[in-house]
Amino acid sequence: MSYGVFCIHLCFFFFFKQKTAYEMLRSLVGSFEKKASAFRFGNDWQQRFFVVYRVKATAAASVRWQTVLCYSESDDEKSIPKKRLLLSNYIAIKHRTVEDGPSGVYFSLVPYDVKAPALEMRILPQEGDRFSSREQSQQQHAFHNVCSHAIAHENVLGLELKTSVPDLSQTWFSQENSSATLGSIMSLIRNVLDNLMFDQVSLLEIVQRELVQILAIEPTEVTLNGLLRTPEGLSLQPRVTDASLRNDALVITKAKTVSGVLALITSTLYGSDFCEPPLVALSPGSRRRSPAELRGWRNMHALAMHELRLLVEWVVFDTVGGMSRFLDWMLKIPAVTTVQQYWDRHIEEQRQENIRTQMQDSGSWVKKLQEACEVKYSSEDFRDTFSGNLKRELDFRSEHDSRVQKMSTEDLNAQVMLEHLKGVLLPSLMHVDILCDTNVTPGHKVQHWSHAVASAVTMINLQLESVGKDPIGGPQMPGVVLFMAMMNTSDNLWAHVLLGTLFTVFAGDAQQHGLEQRPYTLYPDNDDNAMEQFVLNGASRGIDPLHYWSFLTGSMRVLLSPTAASPEA
């Protein structure tokens, strides 16, 4: 793609406050012209038409290409643009809710400069008074996604956060050794939790109390069978007592309550006014907003909602010693260790059996990928070379590995296919490995699993489309998820899945577990809100992280079943 001539033509017109746009232009492109006397100021909305395009950056820029928002007074292609705004000088584009204003979709482009006002925009549909058609809604989402992507990849602050937020899962990470930007945001989150009071108790004290009480419950008197039932027929059913039932209900209620607090704080902070921090975000006793706090508050608004959720989670769990304490507690539950030991003993057999079954199923993703490989590498020279290399590899293994000597041709073919699939899906499998790291918080586990599944489907479809094969769809999804789960080689996958399930609120949890809706909790029933707290643009990308996570728990129960069936059956 040649970005020098690349234009995104969005068939909208938008309105803006003329004074705001002029002031933004000064701070963005360095124009120091004085306010012209003929320039009309005011708060009335003015109609403008725009395009978004990319230009080659100057030598001083940190990126090669920069995205420009350009607008004019008419939609004539020959019209002279009025203004050009570099999106690299903004840190975010955010939806705004306007109760009594004219119909349309309201956006704010948030500048990096804390003293500069935002560029306020109101995008109108082409026809009528609402975004009533699917095409208009898609165009509106396209504009938001294009601007968000440009800002995240071209703004210096966005680039820094993009590389530093993933460090939260590292064992060495702490607020003290994080970047100054990340550290200032975490301090603001901590201040909000410390200063927001309910019944004279701070939010921080509320979540600390719930988490500490979970850790104080004797793990040998817990089964968590009501959270994720062990498959029947395994002879692994935990011994259920009155005490374990009470403890299970207590642990689940407290964990889901903490998740409700995390959701509320994330949603509140993300939707807050970006101009200056409220008093509750300041250091205890402070009544003046320092330049550092203003900078930190503006930096926080550069985070996507799912990134902000990770920081909120990390801050909360860090107050009680980190996520590793909950993993240690989980591993002391007899029912958990028993299931994990059974998994470790039987998973290799399940891998072989599952691959053999899917290789014989004409509708499975494995069979589709196998056929794609046969088409892609069908030349006689390649086939002879490949067959020769494969034969030498199998001969070597047979000579040096007694297990291979006992394998049938069918088993060897399954083993070869298994290793080929591991190579194709290696980046996705790495996400599953990270999910099992000690310090990864529950929301981060759900995020990594969503990335694993989404990237696996993308890579499989790229292989299929390269030879003209139809992409996989819903019927093959369970098989892909099953493969991702069974190929994980990390320790204690069952415990990590239980932790992710325990500290995440799913549809129906409030009713099933009797969760109370309190002023300081949020159990999101809005699908888009739930998605955005775990993955970027989940709705527009067709990624439902909570649904994907339920695929994982279901797949593990299938793999733990004594007679695991084909996932497509």
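Go through region 330-364 and give me each residue that's part of a loop (DSSP other than H, G, I, E, B), more than 32 Å from the chain's Cα centre (by Cα) and either modelled with pLDDT of 90 or more or not polar (S, T, N, Q) (or both).
Of everything in region 330-364, just one residue is part of a loop (DSSP other than H, G, I, E, B), more than 32 Å from the chain's Cα centre (by Cα) and either modelled with pLDDT of 90 or more or not polar (S, T, N, Q) (or both), namely 361.
Residue count for region 288-302 under the criterion of being aliphatic (A, V, I, L, M) and surrounded by fewer than 24 Cβ atoms within 10 Å (Cβ to Cβ): the result is 2.
Filtered by the rule that a residue be more than 14 Å from residue 431 (Cβ to Cβ) and open to solvent by 20 Å² or more (accessible area, probe 1.4 Å), region 482-495 gives 491, 492. Restricted to region 541-563, and to residues there that are assigned to a loop (DSSP other than H, G, I, E, B) and out of contact with any Gly (no Cβ under 9 Å at 6 or more places or on another chain), the residue that is nearest to residue 447 (Cα to Cα) is 543. Apart from one condition, residue 180 fits all of (1) out of contact with any strand residue (DSSP E or B) (no Cβ under 9 Å at 6 or more places or on another chain); (2) of a type outside the set (Ser, Thr, Tyr); (3) touching a residue at least 24 places away in the same chain (Cβ under 8 Å); (4) within 25 Å of residue 298 (Cα to Cα); the exception is (3).
Only a single item in (1) open to solvent by 20 Å² or more (accessible area, probe 1.4 Å); (2) more than 30 Å from residue 262 (Cα to Cα); (3) touching a residue at least 24 places away in the same chain (Cβ under 8 Å) is not met by residue 479, and it is number (1).
Of all the residues in region 487-522, those that are under 20 Å from residue 440 (Cα atoms) and part of a helix (DSSP H, G or I) number 10.
Every residue, every condition in (1) at positive phi; (2) open to solvent by less than 40 Å² (accessible area, probe 1.4 Å); (3) in contact with a helix residue (DSSP H, G or I) (Cβ under 6 Å, 6 or more places away or on another chain); (4) modelled with pLDDT under 80, yes or no:
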residue	(1), (2), (3), (4)
505	no, yes, yes, no
508	yes, yes, no, no
511	no, no, no, no
516	no, no, no, no
527	no, no, no, yes
543	no, yes, yes, no
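Just one of the listed residues (276, 232, 221, 210) is open to solvent by 30 Å² or more (accessible area, probe 1.4 Å) and at pLDDT 85 or above, namely 221. Report yes if some residue within region 425-441 is in contact with a Gly (Cβ under 8 Å, 6 or more places away or on another chain) and part of a loop (DSSP other than H, G, I, E, B); otherwise report no. Yes, that holds for at least one residue. Within region 145-193, being among the aromatic types (Phe, Trp, Tyr) and open to solvent by 30 Å² or more (accessible area, probe 1.4 Å) holds for one residue alone: 172.
Meeting the requirement of 3 or more residues that are within 21 Å of residue 293 (Cβ to Cβ) and of a type outside the set (Val, Ile, Thr), the helices (runs of 4 or more DSSP H) wholly within region 173-271 are 180-195.
Residue 137 - would you say it is among the polar types (S, T, N, Q) and at pLDDT below 80? Yes, satisfied. Residues considered: 468, 473. Of these, the only one that is more than 16 Å from residue 544 (Cα to Cα) and either open to solvent by 20 Å² or more (accessible area, probe 1.4 Å) or without any contact (Cβ under 8 Å) to a residue 24 or more places away in the chain (or both) is 468.
The values are calculated or read from the model by the stated rules, or taken from the named source; none is laboratory data. Because the structure is a prediction, the values reported are computed rather than measured. When we count neighbours, we look across all protein chains shown, and the Cβ atoms used for this are built from the backbone with ideal geometry, even at glycine. Please note that ligands, DNA and RNA were not included when accessible areas were found on the heavy atoms of the full protein model with its side chains. Shrake-Rupley method; radii C 1.70, N 1.55, O 1.52, S 1.80 Å.
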